[in-house]
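Have a look at the structure below before the remarks.
The values are calculated or read from the model by the stated rules, or taken from the named source; none is laboratory data. Being a predicted model, the structure only gives us computed values, none of them experimental. Using ideal geometry, Cβ is built from the backbone for each residue, glycine included, and neighbour counts are taken over all protein chains shown. SASA here: full protein model, heavy atoms, side chains in, ligands and nucleic acids out. Shrake-Rupley method; radii C 1.70, N 1.55, O 1.52, S 1.80 Å.
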Amino acid sequence: MDYQSVLERIARDMAPQIGSGRPAEYIPALASVDPRRFGMAIADVDGKVYGVGDWQRPFSTQSITKVFTLALVLAAGDDLWERVGREPSGNPFNSLVQLEYENGIPRNPFINAGALVVTDRLQTLTGDASSELLEFLRQESGNPGLAFDPEVAESESAHGDRNAALAHFMASYGNITNPVSTLLDHYFWQCAIEMSCADLALAARFLARHGLRADGSRLLTRSEAKQINAVMLTCGTYDAAGEFAHRVGLPGKSGVGGGIVAVVPGRCTLCVWSPGLDERGNSVAGVTALDRFTTLTGLSVF
Ligand code: GLU
């Protein structure tokens, strides 16, 4: 497969769409990003990377990091699935409403409530969830320069009442066990990690390699890697996961920074970035570019 030619074709086809949608505004530090940015990278299972546009430019990973914290917690053998479900929520990613009906157990690990529980578990397991995550991402991407963006973390914290409410509410059910303020700090730092499309495509390769890390050691069992891919497919793109599966046909995880990571098990990982979001929170150009990729190559899980 000539991935480089495919990427160049997609970038050409995408030109009229780039700039559509609006960058996230509820985190002020994200609102000022240029909506005309577009980058896309593919990493094959052997670590060769292809890219186009702004593929080496760091951006705010936001909810994409939820995939990696989930992997670290499952890799530690945690009994996470007793605390978090794995069904689509059908609600916005920061919704509170279902939590009360469902006794403080979030629907899945990719809505904010679920991710807060996962980060709480990682904090208990490691004592420093955000540093553990950053170190893991540095190793898997091969980029020791990866860092948090303090301005984004600060901006999230200053506008984080909704996440604080979710965390306190779940703590009242005993589903958060660390002090809420500590948990929120780690969660906001986690969301504020900056990575490029190349970094993210490389870091996610364990999902295409059935659980094997970049150095060949095993992070997850084959079955656990399958489970994460399955939850990405059903819950990874907010309350538009059905639409994403219909158009793209790959496990994917988006973030409000405008990035989306997608996985072709056994073949490659992709990351696309363009900051303009649709009303559900997914990158408009990003979803279209992935749709083009599976249409042009026939590489999908279906
Ligand atoms: N830091 C964002 C929040 O908690 C992440 C949201 C996202 O990317 O989905 O609201």
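Under the simplified labelling scheme, the ASN103-ARG9 pair shows an inter-label distance of 5.2 nm, with each label point 7 Å from Cα along Cα→Cβ. With contributions of -39500 (n - 2.57) from each DSSP H run of at least four residues, the per-residue ellipticity at 222 nm computed over the chain stands at -13500 deg cm²/dmol. By the Cβ-Cβ criterion of under 4.7 Å, the unpaired cysteines of the chain are CYS191, CYS235, CYS268. A 1.4 Å probe run over the protein chains yields, for the chain, 38 Å² of accessible area per residue, whole-number rounding. Relative to the dominant Cα principal axis of the chain, helix 222-235 is inclined by about 90°. Ligands, DNA and RNA excluded, the heavy atoms of ARG22 present near 150 Å² of accessible surface to a 1.4 Å solvent probe. When the surface is traced with a 1.4 Å probe over the full set of protein chains, LYS226 keeps roughly 120 Å² accessible. Sorted on the mean count of surrounding Cβ atoms within 10 Å across their residues, most packed first, peptides 109-119, 178-188 read 109-119, 178-188. At the residue level, ILE193 shows approximately 0 square angstrom of accessible surface with a 1.4 angstrom probe and all protein chains present. Summing Cβ point charges (Lys, Arg +1; Asp, Glu -1) relative to the Cα centre of the range 203-302 gives a dipole of roughly 500 debye. Here the spin labels are modelled as points 7 Å beyond Cα on the Cα-Cβ line, and at SER20 and ASP78 they lie 3.7 nm apart.
The accessible-area ordering, largest first, of the residues GLU8, GLU224 stands as GLU8, GLU224, per a 1.4 angstrom probe. Accessible surface of the range 188-283, 1.4 Å probe: 49 percent of it comes from carbon and sulfur atoms. Projecting the Cα positions of TYR238, THR269, SER5 onto the charge dipole of the chain (unit charges on Cβ atoms of Lys, Arg, Asp and Glu, taken about the Cα centre) puts SER5 furthest along the positive direction. With viscosity 1.002 mPa s and temperature 20 °C, the Kirkwood radius over alpha carbon pairs of the range 134-240 converts through Stokes-Einstein to a diffusion coefficient of 135 µm²/s. Here the range 11-75 has 48 percent of its accessible surface on carbon and sulfur atoms, given a 1.4 Å probe and all protein chains in place.
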